[in-house]
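One structure is given below, encoded as structure tokens.
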Amino acid sequence: MTTVSMTVNGKPVSAEAEGRTLLVEFLRDGLHLTGTHVGCDTSQCGACVVHVNGEAVKACTMFAQEAEGAEVTTIEGMANADGSLNVIQQAFQDHHGLQCGFCTPGMVMSAAALLKENPKPSEAEIRDYLEGNICRCTGYHNIVKAILAASGQDVGAIAAE
Amino acid sequence: MYAFDFEKPSTVADAVAALKAEEAQPLGGGQTLIPTLKQRLAMPSKLVSLTGIDEMKGVCVADDGAVCIGGATPHAVVAREAAKSYPALASLAANIGDPAVRNRGTIGGSLANNDPSACYPAAALGSGATIVTNAREIAADDYFQGMFATALDEGEIITEVRFPVPEKAAYMKFEQPASRFALTAVFVAKYADGVRVAVTGASEEGVFRWTEAEEALSSNFSPDAVAGLSVPADGMIGDLHGTPAYRAHLVGVMTKRAVAAAG
Amino acid sequence: MPKDHGIGASSKRREDVRFLTGAGQYTDDINVQGQTYVHFIRSDVAHGRINGINTSAAEAMPGVIRIFTGADFEGIGGLPCGWQVTDRHGEPMKEPAHPVLAQGKVRHVGDPIAAVVAESYAKARDAAEAVEVDIEELPAAIDMKAALEGNAPKVHDDLADNLCYDWAFGSDAAEVDAAFSNAAHVTTLELVNQRLVANPMEPRVAVGDFSRATDESTLYTTSQNPHVIRLLMGAFVLGIPEHKLRVVAPDVGGGFGSKIFHYAEEAFCTFAARQINRPVKWTASRSEAFLSDAQGRDHVTKIELALDADNNFTALRTETYANMGAYLSTFAPSVPTWLHGTLMAGNYKTPLIHVNVKAVFTNTVPVDAYRGAGRPEATYQLERVIDKAARERGVDPIALRRQNFVTEFPYATPVAVEYDTGDYVATMDKLEEIADIAGFEARRKESEARGKLRGLGVNCYIEACGIAPSNLVGQLGARAGLYDAATVRVNATGTISVMVGAHSHGQGHETAFPQVVAEMLGIDESMIDIVHGDSSKIPFGMGTYGSRSIAVCGSAMVRATEKIIAKAKKIAAHLMEASEADIGIKDGQFTVAGTDKSVAWGDVTLAAYVPHNYPLEEIEPGLEETAFYDPSNFTYPAGAYACEVEVDPDTGKVTVERFAAADDFGNIINPMIVDGQVHGGIGQGIGQALMENCAYDENGQLISASYMDYAMPRADDVPFYTVDHSCQTPCTHNPLGVKGCGEAGAIGSPPAVINAVVDALQSAGHNVTHIDMPASPQRVWAAMQG
């Protein structure tokens, strides 16, 4: 066991980790931040996406010790300072971009990373960027729509609700 | 996963020293190795992370014009920083895995693993790149030695990869629908002294050069030049997603498209 | 103006706030003080005899608490099957034992052999490698038809063969045969409805706990129906009476059918917690999910359609082989029979229909309901054979369908069910409009100019939802009732908790159900909360599957709310010194007809709990009512779907360019949620049509055992969908007039996609009359090679 220290959602934290402890295990079991989910074991579903030093990574495919000293942001750190939903979270609610909610934290973290590097993505760019986030509930329609809306683009013309 | 020790050195020398331990294994971005460890298909005593070694990171252009990429450079960085100097390579890097994978996965890790469906081996072989390790320089033509097999010795680390920049190049990937790895993909690069065509995803021997197409394209760099050519289905991978015949067919289609895209 | 509250409003989902902030509580987020962790040792062969298990070395390893094997479960019940099908000769289906841990034999890759309970998952798994299992591999039965041959290996030694049942249903077979003899044209199609894996994004989890103080067991589990699990596990497996067994299904990350069933891991964790007197937790990895979640579909069918000279459908005949896998999962026998055969009439007035289904045991993971369950299989074969018939007869596939539509309701089909309402012409009209069918030829030309083949596929579907009346399903072999229950608990201040037997795992019940109660009472939705998923908090419930929640449980909630209103009116009448018959309720106020007297909802509820001025001699204090609702019929959502695809002729890759769905769900509670349900169903249907394939090799190894090989649809595999549910023929037999919408998308979409692929290929002169799902690039390319 080694003590691993990092900053998570703006707060310095330390906890014990083995060499094989994954970042997602460190967050969920060590810090009780259970918003980051595990949906697969082959690095594909994206339910575990968090930001490490500002970049989206899959927390199930990174060891806790690799994040020593890093700035980590999880879904628990995404809301506005007053606790209200941030623009992306609010767009997901407004446009019904989630159903069971299990993939949602990863979707929100990926969407945030996308909008940081591409503030006005096209529909195709959004779909391409979400290649590593699988949702089984929504058929992606309202997720894509929510991200378009969160980027300030008009979604009125998109079919259906 | 089995238990192991974790070490994150900050110099190549320290990494090489750490890898001398019995059953020690280098860890690049871990995007393939960590899933493998989860399945308990590997049992290292120690993992030596290479991502803390600054001298192994970054993209630069050497005096001879070659694009040099540090072995621990993530795909996302290559996609950004090689966009001007070697657009076809940058574009390849920008389509490996997904954005989160590209932020962790490294070129050195990909080449050391030499997955038969990975993208970077096609770029390295197709560009006639030089694989630079802590111990030596290896020509791409000598480096790839079949599925998951390379010229690397135990404990040898890829510190840099040098890509001669071609006049024209493009990479065309036909994705396996589940993994999004290459079901078959082709890297085509036109140099002053000839054309190189590297195929990944298709062969049971891993990445290979399609010499017949190279010869045809060297005299006429156009899609039509390869229209009548085909690779034999023998030795192609057959699985749930593609028969050997289908992969052989895709080699032709993707080559033509890569030539067209290279312009 | 769309409504902004109550029934018909697109109220934003209240549950989203916790899911969007990481505050959801899924089963794996639950940790019980002192918990242990279990790792299951699973078979890596499809069929084998267990000659011995040596656990002694493993037991000595660090952190190991106890290792269980099949011997620990001798004398304890196996996993029960909840539906008994009777075969064509009147005999009950074969029903082999399904032990919690393997007894003597393993019958599929993934069959649990032993369980290591330790202080951590890592220690449990470390120790599992030291358990020596001596298995003698046996020849395996994998292919269904081969499994029925005389020399096939037997999955269950105590059965005569691998046939679970041979079921026949519908019109008299001789009459059907005669109709075929007299037909002007017969269209025949053989097809495969491939095996799928449901793949909810949350893998299954179970946490078993036991209190010595109260002798009570608690199971936290990823279930769509905690009461059903309590019933099956308590009564049939472990012998724990209901009042000593609590089953909790907290936030559940999707189910799609796969979390209906009672699984071995649930029984194990509950049992082991009692044995070791500590909580036991199991969290499936995705790899484990592929080998242990019940899988879906897996039918091989021959369907024949007879037409007269005017292209009227005169008879339909089908023969289906349905894979049960190695054991009978909870509702498996009902899927190819009562959820499939009864839907073979589709939207058409075919007078004679005969259905034959042979259910087969194989050495594969058990198969059970997956989104749609039987109805997608029925719809796919019917809508494919109609499309093929249209091509053979040279008629427009839409016109052929219209010509044969059922147009008068109620309509009794030749396959037992009676459609109460519907308007198939209206949904087809709507589809032609929203899909812009008229503009297709121009789009095809545009695609062709880019070197792509474009195809249009259209189909209809009907489904039977809100599986129903208990007395009927009992006759059909169900071993449970299929009602649901709700308790409406009004608090003194007027806020309400509604305890419902339905379970929300993505469907938005926490938002939609209060809309109904709010509408009935005229109060704000925010005053009403839904409680679900805990057998200790809610009266009873059969859970959520088969698009039944609002139609069945919603109806129970309406009935309970009606009782609340009736009692509240008595109280209001007393408070206003008026006659109960004159009391009305509107916008949260009780009024007296013909007067300006009123009393607020909150005053009435307060009076119920502070009964100072109260008709105590007439009614009891308090305001809480429970209703059980047992529907009198299924509901029959229906619709018409259209898909346009492009095919890359060089690679065979199919891309879905447009998708439109016109559905009739009867009345709608929350249009936003309904749209979302349809979107999700279409996404899964496109996945089945083009991508997903749960494939075994000849030895019974699962080839597509992870997301590296099982192709899950991603955002760039699908387009935006155009969906519409403005055609509404309300259900005639439930109080809300609702039909259910959860499965429609998955039922209606696969034939549209495949019809479109065939259309695209034929447009380029390829003589392709059918292509099996998934229409993967290699299959489409191979089909084009002739």
Considering A:L31, A:L27, which residue is buried (at least 24 other Cβ atoms within 10 Å of the Cβ), more than 9 Å from every other protein chain (Cβ to nearest Cβ) and under 13 Å from A:V4 (Cβ atoms)? A:L27
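Residues are listed down the side, and each one gets a yes or a no for (1) buried (at least 17 other Cβ atoms within 10 Å of the Cβ); (2) within 14 Å of chain C (Cβ to nearest Cβ); (3) of a type outside the set (S, T, Y):
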position	(1), (2), (3)
B:A169	yes, no, yes
B:P177	yes, yes, yes
B:A192	no, no, yes
B:V199	yes, no, yes
B:D239	no, yes, yes
B:G242	yes, yes, yes
I'm trying to understand the selection: among the residues of the range C:185-216, which are of a type in the set (D, E, K, R), touching a strand residue (DSSP E or B) at 6+ places or on another chain (Cβ under 6 Å) and surrounded by fewer than 20 Cβ atoms within 10 Å (Cβ to Cβ)? C:E190
Only residues that are closer than 26 Å to C:A178 by Cα and either part of a strand (DSSP E or B) or of a type in the set (S, T, N, Q) (or both): list them for the range C:349-398, please. C:T350, C:I353, C:H354, C:V355, C:N356, C:V357, C:K358, C:T379, C:Q381
Would you mind listing the helices (runs of 4 or more DSSP H) fully within the range C:106-212 where at least 2 residues are more than 29 Å from the chain's Cα centre (by Cα)? C:121-128, C:173-181
Please go through the range A:1-52 and give me each residue that is in contact (Cβ under 8 Å) with a residue 60 or more places away in the chain and over 25 Å from C:F290 (Cβ atoms), ordered by number. A:T2, A:V4, A:S5, A:M6, A:T7, A:V8, A:N9, A:G10, A:G35, A:H51
Quick check: anything in the range C:665-677 away from chain A (no Cβ under 11 Å) and acidic (D, E)? no
Being in a loop (DSSP other than H, G, I, E, B) and within 14 Å of another protein chain (Cβ to nearest Cβ) is the filter here, so list the residues in the range C:469-515 that pass it. C:H503, C:S504, C:H505, C:G506, C:Q507, C:G508
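Given the criterion more than 27 Å from A:N53 (Cβ to Cβ) and either modelled with pLDDT of 95 or more or surrounded by fewer than 20 Cβ atoms within 10 Å (Cβ to Cβ) (or both), identify the matching residue among B:A182, B:A112, B:A118, B:A93.
Every option except B:A182 fails the conditions.
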Could you list, in sequence order, all residues of the range C:643-682 that are among the aliphatic types (A, V, I, L, M) and part of a loop (DSSP other than H, G, I, E, B)? C:I668, C:I669
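Residues in the range B:65-85 that are buried (at least 24 other Cβ atoms within 10 Å of the Cβ) and assigned to a helix (DSSP H, G or I): how many? Break it down stepwise before answering.
Quick first cut of the range B:65-85, residues buried (at least 24 other Cβ atoms within 10 Å of the Cβ) only: B:69-75, B:78, B:82.
Add one more test, that the residue is assigned to a helix (DSSP H, G or I), and what stays is B:75, B:78.
Looking only at that region, the number is 2.
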Residues of the range C:734-786 satisfying the condition of being crowded, with 24+ Cβ neighbours inside 10 Å, out of contact with any Leu (no Cβ under 9 Å at 6 or more places or on another chain), at negative phi and in a loop (DSSP other than H, G, I, E, B): C:N734, C:K739, C:C741, C:G742, C:E743
Top-ranked residue in the range A:42-60 [being more than 8 Å from chain C (Cβ to nearest Cβ) and in a loop (DSSP other than H, G, I, E, B); ranked as nearest to A:A79 (Cα to Cα)]: A:G54
Would the range C:21-40 turn up any residue that is aliphatic (A, V, I, L, M), crowded, with 24+ Cβ neighbours inside 10 Å, more than 11 Å from every other protein chain (Cβ to nearest Cβ) and over 30 Å from A:M78 (Cβ atoms)? yes
Go through (1) within 14 Å of chain B (Cβ to nearest Cβ); (2) surrounded by fewer than 19 Cβ atoms within 10 Å (Cβ to Cβ); (3) acidic (D, E) for A:E131 and report which single condition fails. (2)
May I ask you to list the residues in the range B:46-60 that are touching a strand residue (DSSP E or B) at 6+ places or on another chain (Cβ under 6 Å) and either within 14 Å of chain A (Cβ to nearest Cβ) or in contact (Cβ under 8 Å) with a residue 24 or more places away in the chain (or both)? B:K46, B:L47, B:V48, B:S49, B:L50, B:M56, B:K57, B:V59
Residues in the range A:102-119: is at least one facing another protein chain (nearest Cβ under 7 Å) and in a loop (DSSP other than H, G, I, E, B)? yes
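Conditions tested, residue by residue: (1) in a strand (DSSP E or B); (2) among the acidic types (D, E); (3) within 12 Å of chain B (Cβ to nearest Cβ); (4) touching an Asp or Glu at 6+ places or on another chain (Cβ under 7 Å).
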position	(1), (2), (3), (4)
C:Q688	no, no, no, no
C:N693	no, no, yes, no
C:Y710	no, no, yes, yes
C:P713	no, no, yes, no
C:D716	no, yes, yes, yes
C:P719	no, no, no, yes
C:S726	no, no, no, no
In the range C:239-294, residues that are of a type outside the set (K, R) and assigned to a helix (DSSP H, G or I) total 20
Any residue at all in the range C:298-315 that's crowded, with 22+ Cβ neighbours inside 10 Å, within 21 Å of the chain's Cα centre (by Cα), farther than 30 Å from C:G63 by Cβ and at pLDDT 95 or above? yes
Here the residues within the range B:22-67 that are touching a Gly at 6+ places or on another chain (Cβ under 9 Å), closer than 14 Å to A:S43 by Cβ and of a type in the set (V, I, T) are B:T32
Would you mention how many residues in the range A:6-41 are over 17 Å from A:L130 (Cβ atoms) and either part of a loop (DSSP other than H, G, I, E, B) or among the polar types (S, T, N, Q) (or both)? 16
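Which ones in the range C:321-347 are part of a strand (DSSP E or B) and surrounded by 24 or more Cβ atoms within 10 Å (Cβ to Cβ)?
Scanning the range C:321-347 gives C:A322, C:N323, C:M324.
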Those residues of the range A:127-144 which are in contact with an Asp or Glu (Cβ under 9 Å, 6 or more places away or on another chain) and either part of a helix (DSSP H, G or I) or touching a residue at least 40 places away in the same chain (Cβ under 8 Å) (or both), in sequence order: A:R127, A:D128, A:Y129, A:L130, A:E131, A:G132, A:N133, A:H141, A:N142, A:V144
Counted residues in the range C:1-17 being surrounded by 16 or more Cβ atoms within 10 Å (Cβ to Cβ) and either within 30 Å of A:H32 (Cβ to Cβ) or without any contact (Cβ under 8 Å) to a residue 24 or more places away in the chain (or both) come to 6
(1) surrounded by fewer than 21 Cβ atoms within 10 Å (Cβ to Cβ); (2) assigned to a loop (DSSP other than H, G, I, E, B); (3) of a type outside the set (A, V, I, L, M): which one isn't true of C:R402, the others all being true? (2)
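Of a type in the set (D, E), outside any helix (DSSP H, G or I), surrounded by fewer than 22 Cβ atoms within 10 Å (Cβ to Cβ) and free of Cβ contacts under 8 Å to residues at least 12 places away in the same chain: which single residue out of C:E441, C:E408 fits that description?
Values: C:E441 fails: outside any helix (DSSP H, G or I).
Every option except C:E408 fails the conditions.
The values are calculated or read from the model by the stated rules, or taken from the named source; none is laboratory data. What you see is a predicted model, and the numbers here were worked out from it, not measured in a lab. Heads up, the Cβs are rebuilt from the backbone with ideal geometry, glycines too, and the neighbour counts pull from every protein chain shown.
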